[in-house]
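The values are calculated or read from the model by the stated rules, or taken from the named source; none is laboratory data. These numbers were taken from a predicted model, which means no experiment stands behind them. Here the Cβ is made from the backbone with ideal geometry for all residues, glycine too, and neighbour counts use every protein chain on show.
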Amino acid sequence: MRVRDLPLSSRVVDHFAERGVRELYPPQRAAVDAGVCEGADVVAAVPTASGKTLVAQLALLTADGPGLYVCPLRALAREKYETFAALPGVDVGISTGDFDATGEALAGNDVVVATSEKVDSAIRNGASWVDALACVVVDEVHLLGATGRGPTLEVTLATLRRRNPDLQTVALSATVDNPEAIADWLDAALVESEWRPVDLRTGVAVGGEVDFDDGTSLSVDLDETEIDGDGDADDENDPTEVTAALVADAVADGGQCLAFVRSRREAVDLAERLAEDGLAAELGVDEAAAAAA
């Protein structure tokens, strides 16, 4: 299925084409078949990188009125805000706590991006734009079961749907364990898929050697032992050193890499470690990296 065959303006079609998006992935096609462009309620339980953001965009762009995109994290909200704001002819507002447009200032937007806590606050404070919504997209909907954010998200979503029975609801997740239960709760069509644009393998790295579960292996070059700023010798078996080597190897092959660590501090440390290796300069994003530091 081609993007140009969807009920989108030519400007939006051109926008996607410029970014290499001309054909829909199988999960995206399934969402379209389920009616996401026709106001249908849809729960999409599909893997990471299989096109959830485009499913959200299709729902928001084809809705009969303003749309709301709800996500759990401020950083994610900012990322999605920038993605949606790049769409031609679409006015986008954001409310996260760090960068806010509140109350009536959000009323004139085609799309509002917000955390569930901010939407809950808007509802409690009687924001008029809430009642004008035609579509709500909930990202990371598996957090309904989370101890912290779960109750707020559940009450917020239930309140939005009660106040506007015609509200289109699109729920997205890559890790939800009970998509059938959520689809039943929302009375929504369920789109499930295990399709990925690239094969997923599991491997264990020891030093510079990675053994994968499919029997294949990978060797990466680790830097020779050096003396760091504290006068200590770098350990080539240190997990950070191995991670840095794996990231560099993936980028050198023209791929992408996502590294998970245990804390925000460790994320910063790893990013700085990669920057010191010249990865930002190699990718041509050194100025942006310096500005974000």
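The criterion of being out of contact with any helix residue (DSSP H, G or I) (no Cβ under 9 Å at 6 or more places or on another chain), surrounded by 13 or more Cβ atoms within 10 Å (Cβ to Cβ), in the same structural domain as Asp33 (by TED's automatic domain parsing) and within 18 Å of Leu68 (Cβ to Cβ) holds for Ser121. Only residues that are under 18 Å from Val55 (Cβ atoms) and part of a helix (DSSP H, G or I) were counted across region 1-16, and they come to 7.
Okay, residues lined up against (1) assigned to a loop (DSSP other than H, G, I, E, B); (2) closer than 23 Å to Ala34 by Cβ; (3) touching a His at 6+ places or on another chain (Cβ under 8 Å); (4) of a type in the set (Phe, Trp, Tyr):
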{"site": "Glu104", "(1), (2), (3), (4)": "no, no, no, no"}
{"site": "Val119", "(1), (2), (3), (4)": "no, no, no, no"}
{"site": "Asp131", "(1), (2), (3), (4)": "no, no, no, no"}
{"site": "Leu153", "(1), (2), (3), (4)": "no, yes, no, no"}
{"site": "Thr156", "(1), (2), (3), (4)": "no, no, no, no"}
{"site": "Leu160", "(1), (2), (3), (4)": "no, yes, no, no"}
{"site": "Val191", "(1), (2), (3), (4)": "no, yes, no, no"}
{"site": "Arg196", "(1), (2), (3), (4)": "yes, yes, no, no"}
{"site": "Asp199", "(1), (2), (3), (4)": "yes, no, no, no"}
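The condition of being under 17 Å from the mean Cα position of the chain (by Cα) and hydrophobic (A, V, I, L, M, F, W, C) holds for only one of Val136, Val90, that being Val136. The residue that is surrounded by the fewest Cβ atoms within 10 Å (Cβ to Cβ), among those in region 186-208 that are more than 18 Å from Arg29 (Cα to Cα) and at pLDDT below 90, is Asp199. When residues in region 14-37 are screened for being crowded, with 18+ Cβ neighbours inside 10 Å and more than 21 Å from Val191 (Cβ to Cβ), 1 of them pass.
Let's see how each residue does on (1) closer than 21 Å to Leu60 by Cβ; (2) within 20 Å of the chain's Cα centre (by Cα):
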| site | (1), (2) |
| --- | --- |
| Arg163 | yes, no |
| Asp166 | yes, no |
| Val170 | yes, yes |
| Thr175 | no, yes |
| Asn178 | no, yes |
| Ile182 | yes, yes |
| Val198 | no, yes |
| Thr202 | no, no |
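Just one of the listed residues (Val170, Val247) is modelled with pLDDT under 90, buried (at least 18 other Cβ atoms within 10 Å of the Cβ) and closer than 30 Å to Gln28 by Cα, and it is Val247. Just one of (1) over 30 Å from Gly255 (Cα atoms); (2) in contact (Cβ under 8 Å) with a residue 60 or more places away in the chain fails for Glu38. It is (2).
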